[in-house]
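**Q** If you scroll down you'll find the structure; I have some questions about it.
The values are calculated or read from the model by the stated rules, or taken from the named source; none is laboratory data. Worth saying up front: this structure is predicted, and the values here are computed from it rather than measured. Methodologically, a virtual Cβ is constructed for each residue, glycine included, from the backbone with ideal geometry; neighbour enumeration extends over all protein chains shown.
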Amino acid sequence: MGVNGSSSSFDALRWAVRYDAQIGGLVEAVTVWDMPYGVFAPAVDVNVDLENAQDRQTREIR
């Protein structure tokens, strides 16, 4: 399932984890983003803290 960082996506993730626990399934949460490009694209920090993002998703589903 996709997680975009919004509160509703974390709600959906928590629901999926609870549901899968009941049926013995497995949730694969995926977070992706598009890097803007081109002359008029805003500056973007490409040094994403992957560990921090993973920790936040883990905290959200507990």
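**Q** If we keep just the residues of the range 3-32 that are among the polar types (S, T, N, Q) and loosely packed, with under 13 Cβ neighbours inside 10 Å, which is modelled with the lowest pLDDT?
**A** Keep residues of the range 3-32 that are among the polar types (S, T, N, Q), which gives 4, 6-9, 22, 31.
Now restrict to residues that are loosely packed, with under 13 Cβ neighbours inside 10 Å: 4, 6-8, 22.
On the way: 4: 79, 6: 82, 7: 84, 8: 88, 22: 95.
Going through the qualifying residues, I end up with 4.
**Q** So, in the range 33-62, exactly how many residues are of a type in the set (A, V, I, L, M) and either in contact with a Lys or Arg (Cβ under 8 Å, 6 or more places away or on another chain) or at pLDDT 75 or above (or both)?
**A** 3
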